[in-house]
1. Please give the number of the condition Lys58 fails out of (1) touching a residue at least 24 places away in the same chain (Cβ under 8 Å); (2) of a type in the set (Lys, Arg); (3) open to solvent by 100 Å² or more (accessible area, probe 1.4 Å).
2. Would you be able to say whether some residue in the stretch 25-46 is of a type in the set (D, E, K, R) and in contact with a helix residue (DSSP H, G or I) (Cβ under 7 Å, 6 or more places away or on another chain)?
3. Hey, could you check the stretch 26-48 for residues that are of a type outside the set (Lys, Arg) and surrounded by 12 or more Cβ atoms within 10 Å (Cβ to Cβ) and say which is modelled with the highest pLDDT?
4. List pairs: first residue in the stretch 21-41 and of a type in the set (A, V, I, L, M), second residue modelled with pLDDT under 80 and in a helix (DSSP H, G or I) anywhere in the structure, Cβ distance under 7 angstrom, at least six positions apart or on different chains.
Amino acid sequence: MFKIETENLILRDMVEADIEKHMRWFTTEKEWWNWDAAYWYLLELTGNELDKEIENQKIGLTAFYKMIFRKKAG
């Protein structure tokens with residue numbers, strides 16, 4: 001596993017447990033939406049639209065993880 005660690009930062013390969021943390025950051029701790037231009041569109045979504053987009057993000061992140069994991073195992 002790739003890992004670089006300093007006093008204030010850890011860079012490492014993604015692990016499956018990161019998906020749940022990412023989803024918390026994406027759904028609960030979302031102040032960053034106000035500052036990241038790539039996600040400004042989320043501020044305009046409401047109700048079912050926002051729920052669907054969040055679910056799509058989770059599906060995409062999970063699929064990305066599985067693809068990377070398969071490449072490392074193969």
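The values are calculated or read from the model by the stated rules, or taken from the named source; none is laboratory data. All values reported here derive from a predicted model rather than from experimental measurement. Cβ placement follows ideal geometry from the backbone for every residue including glycine, while neighbour counts extend to all protein chains displayed. The accessibility values were calculated without ligands, DNA or RNA, using every heavy atom of the protein model including side chains. Shrake-Rupley method; radii C 1.70, N 1.55, O 1.52, S 1.80 Å.
1. Going through (1) touching a residue at least 24 places away in the same chain (Cβ under 8 Å); (2) of a type in the set (Lys, Arg); (3) open to solvent by 100 Å² or more (accessible area, probe 1.4 Å) one by one, Lys58 breaks only (3).
2. no
3. For the stretch 26-48, the residue satisfying everything is Leu45.
4. none
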